[in-house]
Amino acid sequence: CDLTTELCHCDEGWVEDNCSRSTLPVPCPKNCSNHGVCNGTTGECTCHSWHWDGPDCGTQHCDNNCTWHGQCIAIDGADVPACDCDLGWGGAVCDVFMLCPSFCSGKGLCNEQTGECACQPEFSSVEDCSS
């Protein structure tokens, strides 16, 4: 600002008498993590759904909090996160107790007494009959 004339010549994108207000969009943190809409005036995110929150819409929430038997994880390209269930638990929200690991991957029979799989011969290399 010129102290003699008391006029300011603002750089591009700045206005007001003392060039204190930007007319440029305010960036949002992490571009709202692609799970929200950025308000270019305030720089705040509005998250798409309750599954996402935080200042950058980067904190995910799963239904029933995965019933405390799994971790809520973001899936690339998905709008809704999913549960990654702990060993012995399954279902969309990890609410199904699985006596045998991975239900023996459909390649064996589950002994409900012991929780062990009786795998078909060609799939007996691991406890869940997966290979």
Query raised in the report: Which value, in debye to the nearest 20, describes the size of the charge dipole of the chain about its Cα centre when Lys and Arg Cβ atoms bear +1, Asp and Glu Cβ atoms bear -1, and nothing else is charged?
Result: 340
Report summary line: Of the accessible area of the chain, computed with a 1.4 Å probe and all protein chains kept, carbon and sulfur make up a percent value of 52
Query raised in the report: What net charge is computed for the residues neighbouring residue 32, neighbours being all others with C-beta under 14 Å from the C-beta of residue 32, Lys and Arg scored +1, Asp and Glu -1?
Result: -3
Query raised in the report: In a shell of Cβ-Cβ distance under 12 Å around residue 87, excluding residue 87 itself, what net charge do Lys and Arg (+1) and Asp and Glu (-1) give?
Result: -4
Query raised in the report: Could you give the alpha-carbon Rg of segment 75-131 over 2.2 N^0.38 Å, rounded to two decimals?
Result: 1.31
Report summary line: Going residue by residue through segment 20-31, the Karplus relation 6.51 cos²θ - 1.76 cosθ + 1.60 with θ = phi - 60° gives ³J(HN,Hα) values, rounded to whole Hz and with x marking Gly or Pro, of 8, 10, 7, 9, 7, x, 8, x, 9, x, 6, 6
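For a protection proxy built on the mean count of beta-carbon atoms within 10 angstrom, sort 79-85, 123-129 highest first, please.
79-85, 123-129
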**Report entry** Cut-off 15 Å between beta-carbons: net charge of the residues surrounding residue 63, Lys and Arg +1, Asp and Glu -1
**Finding:** -4
Query raised in the report: Per residue, how much accessible area does segment 10-131 have with a 1.4 Å probe, in Å²?
Result: 67
Report summary line: Short to long, in 5 Å steps from zero, the percent of alpha-carbon pairs of segment 26-89 per bin is 4, 21, 23, 19, 14, 9, 6, 3, 1, 0
Query raised in the report: Taking N as the number of residues in the chain, what is its Cα Rg relative to 2.2 N^0.38 Å?
Result: 1.93
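The values are calculated or read from the model by the stated rules, or taken from the named source; none is laboratory data. From a predicted model like this one, the values you see are computed outputs, not experimental measurements. Neighbour counts are summed over all protein chains in view; Cβ atoms, including those assigned to glycine, are modelled from backbone coordinates with ideal geometry. Keep in mind that these areas ignore ligands, DNA and RNA; they rest on the heavy atoms of the full protein, side chains included. Shrake-Rupley method; radii C 1.70, N 1.55, O 1.52, S 1.80 Å.
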